[in-house]
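Here's the structure we're looking at; comments come further down.
The values are calculated or read from the model by the stated rules, or taken from the named source; none is laboratory data. This one's a predicted model, so the numbers in the text were calculated from it and none came from an experiment. Cβ placement follows ideal geometry from the backbone for every residue including glycine, while neighbour counts extend to all protein chains displayed.
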Amino acid sequence: MEITEVKVFPVNEDRLKAYVTITLDNCFVVRDLKIINGNNGLFVAMPSKKRKDGQFKDIAHPLNNETREMIENKIFESYEVELKKMGQTLAQMTIAKREGGDYEQSEDGQN
């Protein structure tokens, strides 16, 4: 499986940093992935739906860590490109967080 396209749509919210759409093998699209600023830094949240009991359940998700890491790496690479277009980088976001800003970076993320 190959991620053949990643579209990142940055947003200016406290925890939600971007919506993401990925295309797999030029033939299958997954929308509504999210880049979230969690307690341990940035992570990719899979598309989910809120259940009647208030909990969220993933609609689609990788079945193993290797696939999850591959998806996250591609998404974070594309997110970095979008940030550069806006004049920022993940490293600058980390510095801003340390100085009291709203951003944080993590290489391992959480989900």
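Out of Glu82, Glu72, one residue alone is without any contact (Cβ under 8 Å) to a residue 60 or more places away in the chain and part of a helix (DSSP H, G or I). It is Glu72.
Selection of the stretch 18-30 for residues being touching a strand residue (DSSP E or B) at 6+ places or on another chain (Cβ under 7 Å), surrounded by 10 or more Cβ atoms within 10 Å (Cβ to Cβ) and within 18 Å of Arg68 (Cβ to Cβ) yields Ala18, Val20, Thr21, Ile22, Thr23, Leu24, Val30. For the stretch 73-89, a residue qualifies if it is at pLDDT below 85 and hydroxyl-bearing (Ser, Thr, Tyr), and exactly one does: Thr89. Please name all residue pairs, on different chains or six or more residues apart, with Cβ atoms under 6 Å, provided the first residue is in the stretch 54-66 and is within 17 Å of Val30 (Cα to Cα) and the second residue is outside any helix (DSSP H, G or I) and of a type in the set (Val, Ile, Thr). Final answer for the pair search is Ala60/Val30. Against the condition surrounded by 14 or more Cβ atoms within 10 Å (Cβ to Cβ), hydroxyl-bearing (Ser, Thr, Tyr) and modelled with pLDDT of 95 or more, how does Thr94 come out, does it pass? When the stated conditions are applied, Thr94 does not pass them. Within the stretch 33-87, the set of residues being within 14 Å of the chain's Cα centre (by Cα) and of a type in the set (Gly, Ala, Ser) comprises Gly38, Gly41, Ala45, Ser48, Ser78.
Working only within the stretch 52-61, note down all residues that are over 12 Å from Leu33 (Cα atoms) and part of a loop (DSSP other than H, G, I, E, B). Across the stretch 52-61, the qualifying residues are Lys52, Asp53, Gly54, Gln55. Among the conditions (1) touching a helix residue (DSSP H, G or I) at 6+ places or on another chain (Cβ under 6 Å); (2) exposed (fewer than 12 other Cβ atoms within 10 Å of the Cβ), Pro62 misses just one, which is (2).
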